[in-house]
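The values are calculated or read from the model by the stated rules, or taken from the named source; none is laboratory data. Values in this document were obtained by computation on a predicted structure and should not be read as measured data. Quick reminder, even Gly has a Cβ in these numbers, built from the backbone with ideal geometry, and neighbours come from all protein chains shown. To get the accessible areas, we keep the full protein, side chains included, count just its heavy atoms, and leave off ligands, DNA and RNA. Shrake-Rupley method; radii C 1.70, N 1.55, O 1.52, S 1.80 Å.
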Amino acid sequence: MNIKEAKKIIVSLSKPDKMPGFAYGIPAAECKTGAKLRLIPNSVCAGCYALKGNYARFPAIVQAQYKRLESIQDPRWVEAMAVVISSQAVSKHKVFRWHDSGDVQDLDHLQKIYSVCRLTPGKRHWLPTREAWIKDHLTDKPNNLVIRFSAPMVDQRAPESWPNSSEVVSSGASCPAAKQDNECRDCRACWDASIKTISYGKH
């Protein structure tokens, strides 16, 4: 499969301003657990950033996200994602983020992500999630993928039972982005499996 064919299948990648590389976003409105958490005050999904700002301001972004979501059902999606992630323009960045918007939809989706990671061993992948059921499938996880489960409520400690996790706090965040123009810059903690928990500042 050539890069032109692959790009047509996956629609596009996203390139968040703060990130050191590319990402892949699908509609936050289609999050399974997130859709429930958005209705709960002081949850990490209340006031979701991916449902406002540029994500909501430009219809083309939302349209692309829904096309990406639909494309996951294409039997060529895994190969196409691997081809694009391995392309010269993307591969110069050593890290990749899954879901700057949206979340894992089901087990089939998760297994496809695992397959993409295995086909791109030179890339460090990071997948933040609110989907607790994924913990039952961590034994299948590729070594170059870090999955961080997020504590559902602001100022709630991340669960110890997950190898890697994250939490949102009102103060004392370990993520340095807030102090450096909301950018990762040279920080790669989210992709580092040796760092058990990362705390992000409340938006």
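Listing for the model above:
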quantity	calculated
Selection within region 38-53 - surrounded by 18 or more Cβ atoms within 10 Å (Cβ to Cβ) and out of contact with any helix residue (DSSP H, G or I) (no Cβ under 6 Å at 6 or more places or on another chain)	V44
Residue ranges of helices (runs of 4 or more DSSP H) in region 57-154 with at least 1 members of a type in the set (S, T, N, Q) and open to solvent by 10 Å² or more (accessible area, probe 1.4 Å)	59-71, 88-91, 107-119
Selection within region 62-92 - farther than 22 Å from P121 by Cβ, more than 16 Å from the chain's Cα centre (by Cα) and of a type in the set (S, T, Y)	S71
Selected residue (criterion: least open to solvent (accessible area, probe 1.4 Å)) from residues of region 9-37 that are without any contact (Cβ under 8 Å) to a residue 12 or more places away in the chain and part of a helix (DSSP H, G or I)	A35
Residue, farthest from P128 (Cα to Cα), within region 168-197, restricted to residues that are part of a helix (DSSP H, G or I) and modelled with pLDDT under 95	K179
